[in-house]
Amino acid sequence: MKIKNSIAFVTGTNRGIGQAIVTALAGSGAKKVYAGMRDIDAFKRGSANYLQGLKGNVELVPIDITNQDHINSAVQKAGDVNLLINNAGIANYSGLIAADDLDSARQEMEVNYFATLAMIRAFAPVLKNNGGGAIVNILSVASLVNFPLLGSYSASKAALYSLTQGVRAELTSQGTSVIGVFPGPIETDMAKDIHMEKGSPAEIAKGTLAAIEKNEEDVFIDEMAIQLRKDFFSDPKSVERQCGEMLPLAAG
């Protein structure tokens with residue numbers, strides 16, 4: 001599908017990749033962009049210059065994607081959408097064994113998997129009514145291999161990868177493309193504690209929009225992601241061992 005004249009709903013847009021995607025959509029001729037975020041008032045207080053610099057028709061929408069009432073309200077407001085970009089996510093930097101309890105893992109699975117599934121289930125009929133359109137899930141290279149530094153996050157993103165494949169199969173008949181984007185570490189608040197070379201949100205946004213127009217299904221944009229994909233499909237056990245050396249700080 002074409003970005004120009006598209007109508008998009010993007011989650012997690014208060015900063016980072018989500019904000020960069022909204023900027024890229026508005027600057028690439030999208031007819032309208034619904035920018036979903038949990039706290040609009042706080043965003044407006046800290047992002048006045050950003051809002052003034054946006055091109056196109058951008059509407060801020062309050063939404064906590066773990067709240068079904070919020071999702072239902074978003075569907076009512078955005079019934080003209082033909083592009084859904086699921087970017088909202090959380091990383092708690094928790095190991096699988098070292099964590100004190102399961103609360104962190106449950107939260108990551110609730111946001112990264114169940115809430116994203118709820119968004120897709122709610123908007124799939126909207127996309128069908130509007131000609132099929134596309135769904136984009138922002139995944140992670142941690143969807144392919146577990147990074148023990150983010151053990152439970154990696155598990156939640158692996159679940160989202162599987163979800164992406166399943167949804168792609170289920171929605172083929174209604175003409176909805178389903179795209180998975182697999183970034184490596186990106187210069188965002190979420191990745192501030194990862195000490196390695198990082199890509200930029202703008203780079204991921206640009207590559208994501210290009211993938212939508214090309215209807216690419218699995219998208220690796222930044223340099224680290226491209227290399228990890230190559231190494232993983234060449235020798236997955238070696239990549240698993242290398243990633244396994246990144247142990248959580250709380251581990252003994």
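³J(HN,Hα) across region 160-172 via Karplus (A = 6.51, B = -1.76, C = 1.60, θ = phi - 60°), whole Hz, x for Gly/Pro?
Those phi angles translate into 5, 4, 4, 4, 4, 5, x, 5, 4, 5, 5, 9, 4 Hz.
Using alpha-carbon positions, what is the distance between the centroids of region 65-95 and region 97-167, in Å?
Region 65-95 and region 97-167 have Cα centres spaced 11 Å from each other.
As an exercise, use a Förster radius of 45 Å and the Cβ-Cβ distance of Glu216 and Asn57 to find the FRET efficiency, rounded to the nearest 0.05.
So, using R0 = 45 Å, E works out to roughly 0.95.
To one decimal place, what orientation-averaged projected area in nm² is obtained for the convex hull of the Cα set of region 47-177? Please list the in-between numbers first.
Numbers: hull surface 37.9 nm².
Its average projected convex-hull area is 9.5 nm².
Using the Karplus equation 6.51 cos²θ - 1.76 cosθ + 1.60 (θ = phi - 60°), what ³J(HN,Hα) coupling, rounded to whole Hz, does each residue of region 127-143 give in order, writing x for Gly and Pro?
Result, rounded to whole Hz: 4, 4, 5, 9, x, x, x, 8, 10, 10, 9, 7, 9, 5, 4, 5, 5.
What are the ³J(HN,Hα) couplings of region 60-73, residue after residue, when phi is run through the Karplus curve with 6.51, -1.76, 1.60 and θ = phi - 60°? Round to Hz, x for glycine and proline.
Ordered by residue, 3J(HN,Hα) equals 7, 10, x, 7, 9, 5, 8, 10, 5, 4, 4, 4, 4, 5 Hz.
At 222 nm, what helix-only mean residue ellipticity would the chain give, in deg cm²/dmol to the nearest 500, using -39500 (n - 2.57) for each DSSP H run of four or more?
Numbers: 10 runs with 112 residues, N = 252.
Calculated mean residue ellipticity at 222 nm is -13500 deg cm²/dmol.
Counting only residues 5 or more places away or on other chains, whose amide H sits under 5 Å from the amide H of Leu83 once H atoms are built in the peptide plane?
Ile7, Phe9, Ala134
FYI, it's all coordinate maths here, none of it is from the lab. The shown structure was predicted, so the numbers you read here are calculated from the model rather than taken from an experiment. Because the Cβ atoms are built from the backbone with ideal geometry, glycine has one as well, and the counts that use them run over all protein chains shown.
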